Amino acid sequence: MTHKCKLGQTYIQLRGVYLPDSFVEEHKITTKTQYPLEVVGLPDTDLTGTVSDAYVIGGLAKMYKAFTLQPGHEVELSFEVEGGRIRIDPKTTQQPSSPDQDQPKTIFDQQGLRHIHIEPYRYVSFASWAPKTETDIYMVFGTLSEYELTDFQYCCGASQALLDSLGFKKKSKSKPDAILIDRTTKDYLIAEFKVYSSDFDINHSKEDTDVLICWRNDATKRENLPSRILPLEKLIETALEKGEIEIK
């Protein structure tokens, strides 16, 4: 049996789909559980998503990247008992776009950095999220990343030893903060964390940064910033309001 669900703007923003009560009850879906996913029209077989307390399944960055789905668009949900897979049919005639279509070349590609395996960070606990320092921003992003509410997965900190092993060439005063993974392309990304985006160009350059993670995007000179910016303030407010995450 299939179930229909209309996409809301907030769930599109959070890269998720709301699971209707009828779907949850019929298939005994449980919260805080990771399920394998299938999106009709996408070749990926390794998609997974975690069900939040608000019964929103995350992990759908690739679907929203591949298809232009607007608020009010209706998708169909079904459940494969064997394997426990949630199947999502976007119900669109669009051909899926390539994950790297219209994306600028990453710093890894631009500098021809060495392709070595970097073990991704696994979130364990979270105690404080007040954005007083950059450390707080790391913690907020770690939570959102683990709930799969952004297009990026935290991989690890960018130590000087790691950057040297990659062959990274710094073009700014300070080294970057972290390595992220693009959920839609699996590319490694060079990232910088700031409380305010206006602090970025004090000691960093967009020439060696793929993405800026900040609490508030307050910069007036946007031409000095990387092309990809993720301001967490509004995103976390929405996630809390919708019950996507809990801050303890």
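The values are calculated or read from the model by the stated rules, or taken from the named source; none is laboratory data. Note that this is a predicted model, so its numbers are computed, not measured. Quick reminder, even Gly has a Cβ in these numbers, built from the backbone with ideal geometry, and neighbours come from all protein chains shown.
Just a few scattered comments:
- Qualifying residues in the range 218-233 (those that are touching a Lys or Arg at 6+ places or on another chain (Cβ under 9 Å) and not small (G, A, S)) - the one nearest to K105 (Cα to Cα): P226
- Here S78 meets each of (1) more than 22 Å from D182 (Cα to Cα); (2) assigned to a strand (DSSP E or B); (3) touching an Asp or Glu at 6+ places or on another chain (Cβ under 7 Å) with one exception, condition (3).
- Within the range 37-59, being at negative phi, in contact (Cβ under 8 Å) with a residue 60 or more places away in the chain and surrounded by 17 or more Cβ atoms within 10 Å (Cβ to Cβ) holds for G49, T50, S52, A54, V56, G58.
- Scan of the range 201-211 for residues that are part of a strand (DSSP E or B) and farther than 20 Å from K62 by Cα, ordered by number: none
- Test: residue in the range 102-116 that is β-branched (V, I, T), at pLDDT 80 or above and touching an Asp or Glu at 6+ places or on another chain (Cβ under 8 Å): yes
- Filter pass, S145 being within 22 Å of G16 (Cβ to Cβ), free of Cβ contacts under 8 Å to residues at least 40 places away in the same chain and assigned to a helix (DSSP H, G or I): yes
- Hey, I247 at pLDDT 95 or above and either surrounded by fewer than 19 Cβ atoms within 10 Å (Cβ to Cβ) or assigned to a helix (DSSP H, G or I) (or both) or not: no
So that you can scan it fast, the table gives a plain yes or no per residue for (1) in contact (Cβ under 8 Å) with a residue 40 or more places away in the chain; (2) farther than 25 Å from K132 by Cβ; (3) not in a loop (DSSP other than H, G, I, E, B):
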site	(1), (2), (3)
T150	yes, no, no
Y154	no, no, yes
K175	no, no, no
D199	no, no, yes
L235	yes, no, yes
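- When residues of the range 218-234 are limited to those that are farther than 20 Å from D187 by Cβ and buried (at least 19 other Cβ atoms within 10 Å of the Cβ), the one nearest to the chain's Cα centre (by Cα): L232
- Scanning the range 196-241 for residues being in contact with an Asp or Glu (Cβ under 6 Å, 6 or more places away or on another chain) and of a type in the set (F, W, Y) gives a total of 2.
- Single condition A54 does not satisfy, out of (1) in a strand (DSSP E or B); (2) in contact with a Lys or Arg (Cβ under 6 Å, 6 or more places away or on another chain): (1)
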